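Participant: Dropping the structure in here first, questions after.
Coordinate-derived values only; no laboratory data. Worth saying up front: this structure is predicted, and the values here are computed from it rather than measured. FYI the Cβ positions are ideal-geometry reconstructions off the backbone, even for glycines, and counts take in every protein chain you see.
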Amino acid sequence: MSIVTVQLGQCGNQIGYEVFNAICSDFHSTHGICSKKENESYQEACKERFFSEEKTGVPVARAVLVDMEPKVISQTLSMAARSGHWKYDHQSHFCQKQGSGNNWANGYSVHGPRYRDVIMNLVQKEAEKCDRLSGFFTVMSMAGGTGSGMGAYVTQCLRDAFPTSFILNQVIWPYGTGEVIVQNYNSVLTLSHLYQSSDALLVHENDAIHKICAQLMNIKKISFRDVNQVIAHQLGSVFQPTYSSEGASQYSRSPLGDLMESLVPHPELKMLGLRNIPQMSENSLAYSTFTWPGLIKHLRQMLIAHAKMEEGIDWQVRPPLPGHPVPPKASPNQALHFNTSVANLVVLRGKDVQSVDLGGFRDPALYTSWLNPQEAFHIWKTPRAFNKYEKSASLVSNSQFLLQLMDNVVGKAWNMFASKAYVHQYTKFGIEEEDFLDCFTTLEQVISSYASL
Amino acid sequence: MWRGRAGALPAAIGALCRALPPGSRPAPEAFRLAKFDRPEASLQIWRLLYSLLKQIHDGGWTELDTIGTQIRFVKSVLWYHGYGRPEFYQLPSDGSQGSRELLLAFSWLLNRISLLEQLLTVNRVKIRDEASVCTCEDNLSNSWKDRTEIALEPCLKREVDVRYLQWLNGRLRFQWRSLHVESQEQCKLLHKIHSYTSGCHMDQTIGHFSVTETDLIRQPDSYKQLLQSLESETSRLEAFLEWKRLEPVYWHWMETVLDTLSEDANTFKSEGVCKEKNTLPNANLCCHIASNIIGEIDKLTKDLVTLHDGLHELVTCKKSAWYEKVKSRERTLPDEREFCAAVRTITEAVKLKLSDLKYHCAHKKNGMHGPYRLVFKDKRSASKTGFLSSVSKEPITNVVNATEVISKLQMEEATLKRELKRLQEECRHKLDEIAEGLVGVICIPPMKR
């Protein structure tokens, strides 16, 4: 049940570091109000999942770091080693001197094939260290050149080399007003290519996380580090060990497999969104208490009303009444009021998880007509609390969360493409206009599948 | 004839009962009651049959079924094995009567499917070092189509969203992948155990510990359980040997049971009791299947005849065309050396094509099948690594090389892949044809990787 993480590009490496950091601090956290035995089996499961043993006794993260520039990787490696609690394997990284210049085609058609053997060798070595390889978890951003372009190529290679493993791509959606002019092209190309090889795409939006930092965490000057830490916290709260079925006697041994089977069996519906509650600064945490009914109610409304965090939720949005079907949307550009889900997964951690009532999530009105809640809704639980949160709930949802986002990006990219802006930068490296058209078509298909839920 | 063996019958039945797995043993008294068709024994024998057949078919996983479900299960298993006595299938589903019929069915199973031997095999103490190998030819591909057609007819045709079917298909694929991950893990761990404990085993031909033995080393206190199960198995085997010795007594006794049965049947006939309508399980389905099989046989014979005729025609056509070609070629004959070289290349090419076919036909006979024990041989020793030997034989006679099995399976994989590709191409052509027929529709193929 080990997960091998592949950190791609600057963004991927920074976030990957924060993820392992968050997991490690959760590992050592003494806040858990569960029994010693429970804590021990949790720690053992966590260790097997993310770290391998070494003679020095310091756990080594199961990760491969890839970037075209040396700066970020060396920073990451040294920060990890300095922590004293964990580190990366210093052999498991690959970098070059040049960078990809935010050019997707450069990453995909040039760097990818050139360094493919070296990178796959590193991945193979990490995979062999695992007794039981649950799958691969890649972290990348969509806007840049290395993470997105090379990341798409590496994912394809992973799929070819490990046809039966599970591959989950963690994708960072760039700021709407981002710095990279061609980020829409990069996003479209990345998404469409990932859709062919990956099993699921888990999306985090920079804009949304930024708002969380500003409004919930009360951070004045928000740096990338803060954003990354929030993302890491959200990921950790999903991927730390849990019991994935009622009456299970041991922590789940295939987290990625369980996730995939519950949420993304349909080949056209692979986009996942992640919400986590509660989320606040550590200072406020000491003075807050939570109740499960309150948390669950907020989480449910966040799901229904497309809310990205627990503040500013639109409580007017209600699920459609039975017998009154949701009016068909004329175009996805209309503001979607109600979020129809395909499948949802709720992860509960902390005190009194056994008593939580999740009936609200089993309402058939929340789900698409062709799937009933018994098959669409899943729960993972553990009595062991995560980090400093006495109670926390996360929601991984395969729903129309990302519909608007995708539609926007495809629209903007299409406008640029129609006027052939910057296309020569891509054709220079072998990505032809037909390839662009293929990508647009694929994404339109995905958008239409989600819009017709 | 019977007097001398008066004491032998209880001994035989006793041995039979002791050879059955613990937990599924009937009281010997039940047999006597059954001979005289006493209703008290019928429920007991139904339960006995259910438990025994479940062990063989489902690995012993007994659900808390009602007696009705249990009886249905037993009837369907006996139908599957070809038991044809209509009186058995007419027995009521509350288990209140028919102990004599059940006794007959039980004895039939003993003989027909070697019930005892199967039970003993299934309940062996496991060393958990097993892999099951099957390289038999799979001839089931054509029968699937017809089976699904039979299955659909009785069901009501419901509207199912195709997306739901895609969902279920995806789940199945993911579950298969998880299974794959699990078996890879098992292989890895087995390899670790075998390599770490090499040189420890007393039996030199094996040389390393099995999983059960390693477990015993790690948890010495579990030896009691293991000892108990071994003792139980030994006593069952001894009872089986005794049963084999006394078996003829049992069959003589069963003949007397058949005699009493025919006597009672005659009495019933004279009383003029009319039999109930045939209530075979799923009678309609069975008749349907039976007539389908006959239809299938007719179809196959017709197909064979047409194929044969078509082949004959084709051969004569090709032969005549060939002769003409040869005649025209004869006029423009190259010099002899070139000709011989040409003939040689042609014979080689033909040999290559035929050898594949020959290999295919020859190896149909010796397909490896069944459970094998995995024995790991180090590269340093003379024999090859990954050496499998059959579980039951001593000294080892049925030995199979893992690399051989792997290459066979890889060849089969390649054939199946070719078949899949061919079927995909067929589907693609069909879809293209359909798409051409649709007006105002553009078909967009999926993205090329």
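Participant: Computed FRET efficiency, Cβ-Cβ of A:Glu54 and B:Leu216, R0 30 Å: what is it to the nearest 0.05?
Facilitator: Calculated value: 0.45.
Participant: Quick check on the range A:1-40: take the gyration tensor over C-alpha atoms, sort the square-rooted eigenvalues as a ≥ b ≥ c, and tell me if it's rounded (a/c under 1.5), prolate or oblate.
Facilitator: Cα axes put the range A:1-40 in the oblate bin.
Participant: Other chains' Cβ within 10 Å of B:184-192 residues: what's the mean? Walk me through the numbers on the way to the answer.
Facilitator: Working: counts 6, 8, 2, 0, 5, 2, 0, 0, 1.
Taking the mean over all residues of the peptide, I get 3.
Participant: Let me ask something additional. Provide the FRET efficiency to the nearest 0.05 for the B:Glu413-B:Glu130 pair, computing r from the beta carbons and using R0 = 35 Å.
Facilitator: Computed FRET efficiency for B:Glu413 and B:Glu130 comes out at 0.95.
Participant: Mind running the shape call on chain A? Use the C-alpha gyration tensor, a ≥ b ≥ c as the square roots of the eigenvalues: rounded below 1.5 for a/c, prolate if a/b tops b/c, oblate otherwise.
Facilitator: Taking the square roots of the gyration eigenvalues as a ≥ b ≥ c, chain A is oblate.
Participant: Of A:Met271, A:Met406, how do they rank once you tally other Cβ atoms within 10 Å and put the fewest first?
Facilitator: The fewest-first ordering by Cβ neighbours comes to A:Met406, A:Met271.
Participant: Note down the nm distance, to one decimal, between modelled labels 7 Å out along Cα→Cβ at B:Lys224 and at B:Glu159.
Facilitator: Result: 6.5 nm between the two label points.
Participant: In 10 Å bins starting at 0, how do the alpha-carbon pair distances of the protein assembly as shown split up by percent?
Facilitator: Final binned percentages: 2, 9, 15, 18, 17, 16, 12, 7, 3, 1, 0.
Participant: Run the numbers for B:Glu348 and B:Glu436: contour at 0.36 nm per residue of separation, minus the present Cα-Cα distance, in nm.
Facilitator: Here the segment from B:Glu348 to B:Glu436 would lengthen by 27.2 nm.
Participant: Would you mind ranking A:His193, A:His90, A:His424 by Cβ crowding within 10 Å, fewest neighbours first? Please report the intermediate quantities before stating the final value.
Facilitator: Working: A:His193 25, A:His90 11, A:His424 8.
So the ranking, lowest neighbour count to highest, is A:His424, A:His90, A:His193.
Participant: Given the Cα-Cα distance of B:Ser96 and B:Trp251 and 0.36 nm per residue of separation, how much length would full extension add, in nm?
Facilitator: Details: separation 155, 0.36 × 155 = 55.80 nm, distance 2.59 nm.
Stretched out fully, the B:Ser96 to B:Trp251 stretch lengthens by 53.2 nm.
Participant: Return the average number of partner chain Cβ atoms within 10 angstrom of each residue Cβ along peptide B:212-220. Let's see the in-between values first.
Facilitator: Values: counts 0, 0, 0, 0, 0, 0, 0, 0, 0.
The per-residue average across the peptide is 0.
Participant: On to the next question. So for A:Thr146, B:Thr260, A:Thr56, fewest C-beta neighbours within 10 Å to most, what's the order?
Facilitator: A:Thr56, B:Thr260, A:Thr146
Participant: Mind putting a number on the dipole of the protein assembly as shown about its Cα centre? Charges go on the C-beta only, +1 for Lys and Arg and -1 for Asp and Glu, and I need it in Debye to the nearest 20.
Facilitator: 1180 debye
Participant: Among DSSP beta bridges lying fully in the range A:1-155, give the percent that are antiparallel, nearest 5.
Facilitator: Taking every DSSP beta bridge within the range A:1-155, about 10 percent pair in antiparallel fashion.
Participant: Let me know the shape class of the range B:7-74, please: from the alpha-carbon gyration tensor, a ≥ b ≥ c as square roots of the eigenvalues, rounded when a/c is under 1.5, otherwise prolate if a/b is greater than b/c, or oblate.
Facilitator: Since a/c reaches 1.5 but b/c is at least a/b, the shape of the range B:7-74 is classed as oblate.
Participant: Right, something else. What's the center-to-center distance, using Cα atoms, between the range A:1-35 and the range A:264-278 in Å?
Facilitator: 20 Å
Participant: Further question: Lysines within cross-link reach of B:Lys358: Cα-Cα under 23 Å, excluding same-chain residues under 8 positions apart?
Facilitator: B:Lys408, B:Lys417
Participant: What distance in nm separates the simple spin-label points at A:Asp207 and A:Glu434, each placed 7 Å from Cα in the Cβ direction?
Facilitator: 3.5 nm
Participant: Still on this structure: Please go through the residue pairs B:Lys319/B:Lys351; A:Lys381/A:Lys412; A:Lys125/A:Lys391; A:Lys129/A:Lys297; A:Lys125/B:Lys224 and name each one whose alpha carbons sit more than 31 Å apart in this structure.
Facilitator: Beyond 31 Å: A:Lys381/A:Lys412; A:Lys125/A:Lys391; A:Lys129/A:Lys297; A:Lys125/B:Lys224.
Participant: Please give me the summed charge of the neighbours of A:Asn102: other residues whose Cβ is under 14 Å from its Cβ, Lys and Arg +1, Asp and Glu -1.
Facilitator: Local charge sum for A:Asn102: -2.
Participant: Quote the FRET efficiency, to the nearest 0.05, computed for B:Glu117 versus A:Gln374 with a Förster distance R0 of 35 Å and r equal to the Cβ-Cβ distance.
Facilitator: Using R0 = 35 Å, I get an efficiency of 0.20.
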